[in-house]
1. What angle, in degrees between 0 and 90 and rounded to the nearest 10, separates the Cα long axis of helix 272-282 from the longest principal axis of the Cα atoms of the chain?
2. Can you compute the equivalent ellipsoid semi-axes for the stretch 77-155, i.e. the square root of 5 times each eigenvalue of the Cα gyration tensor, sorted largest first and rounded to whole Å?
3. With viscosity set to 1.306 mPa s at 10 °C, what whole-number translational diffusion coefficient in µm²/s follows for the stretch 231-346 from Stokes-Einstein and a Kirkwood radius over Cα pairs?
4. State, as an integer percentage, the relative contact order of the chain based on alpha-carbon contacts under 8 Å between residues 6 or more apart.
5. To the nearest 10 degrees, how steeply does helix 143-153 sit against the main Cα axis of the chain, on a 0 to 90 scale?
6. Enter the Cα centre distance for the pair the stretch 287-352 and the stretch 131-187, rounded to the nearest angstrom.
7. Quick check: the angle from helix 162-174's long axis to the longest principal axis of the chain, C-alpha only, nearest 10 degrees?
8. With just the Cα atoms defining each centre, how far is the stretch 216-244 from the stretch 45-92? Give it in Å.
Amino acid sequence: MKANVTADSFASRLLHWFDDHGRHDLPWQHPRSPYRVWLSEVMLQQTQVKTAAPYFERFVAALPSLQALAAAPMDDVLALWSGLGYYSRARNLHRAAQECMSAHAGELPRDLDALVALPGIGRSTAAAILAQAWGDRHAILDGNVKRVLARFHGVGGWPGSPAVERQLWAFAEQHRPHDRLADYTQAQMDLGATICTRARPSCGSCPLSAGCAAYLHGRTAELPTRKPAKAVPHRQAWIMWLEDDHGRVLLQKRPPVGIWASLWTLPQADDDTAVADFLRAHIDGANGDGELLPLIAHAFSHYKLDLLPRRWRGVALRSAVQDNDHLRWVAPADLATLGMPAPIRRLLECGRPLHEESDDPYRLL
């Protein structure tokens, strides 16, 4: 028998739909603890459920609690996250866990402002944690919910602009039910992910279509308004795949800030001169220009990057250079233990670029 729902028709119809068609078997729902909800919400900030689910299960198997996450070395956290992309999320998780240990008795705080003060947790993520972990009455406004509300209420303008976002927050608050907050929160996300999709929404199956302004006025294709386009910078860099006589690969740790921060990757240089300078300073046996490999096309959120790999075999570090915290030889069998950018890992594991056969070589990873 279904639980009672609020009299608000939006929430009521959505909850009835969720009971029959929502996702009830997601790994973070069983059990639905604050830590597991938090981790899932951070993973889902830039990642679809089907992609995030196996990463979530691997992560909680290795680090089953906030306390375990806080105590783990950053390299271990990044290795578990490796391939999921947007690595600042993992670094923020680690920092937030350590702040919870020092300021919140080792637990996530049950308070919106205190959660928002933690690294990597914004207003919507904090509300989702409180609603799903504790059933507290908070509204969320992630990308899926923005799309649903913009269409239902016929709100024009890019949802990322402050004025439009304020409107959508007001509607999100207005529709909150008084009970079943965990289910309602999940229902909103499920509707946006499976029915009210960006392209070709299934309006005939939507429980809200009878009151949806976009559906009733033929505006589903134009709402929500797309973000204004702007030119995306295009950059290029060389990467050096250096192997010693034992088949080990030389990896370099990225700086703690910037792109791929704190990840292990192949040494990178901006041009031929910088490649030559690195080899002269660090490497014996890197003769010639190396074996030129196919280009790796990679997209970040704010620019596109072409990586040009070169490969040298049978090289060694110069006598004055030793393994250290930022430069080390790694055996192929040990690559999985390190946090690495997905295109670099694929190159090393498969010997070819990640996007070599893709119709869209600049897919975000």
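The values are calculated or read from the model by the stated rules, or taken from the named source; none is laboratory data. Predicted model, so just to flag it, every value in this text is computed and none were measured. Only protein heavy atoms, including side chains, enter the accessible area calculation; ligands, DNA and RNA are left aside. Shrake-Rupley method; radii C 1.70, N 1.55, O 1.52, S 1.80 Å.
1. The angle comes out near 70 degrees.
2. That gives 26, 19, 9 Å for the three semi-axes.
3. 108 µm²/s
4. Relative contact order for the chain comes out at 17 percent.
5. 30 degrees
6. Answer, in whole Å: 43.
7. 50 degrees
8. Using only Cα atoms, the two centres lie 24 Å from each other.
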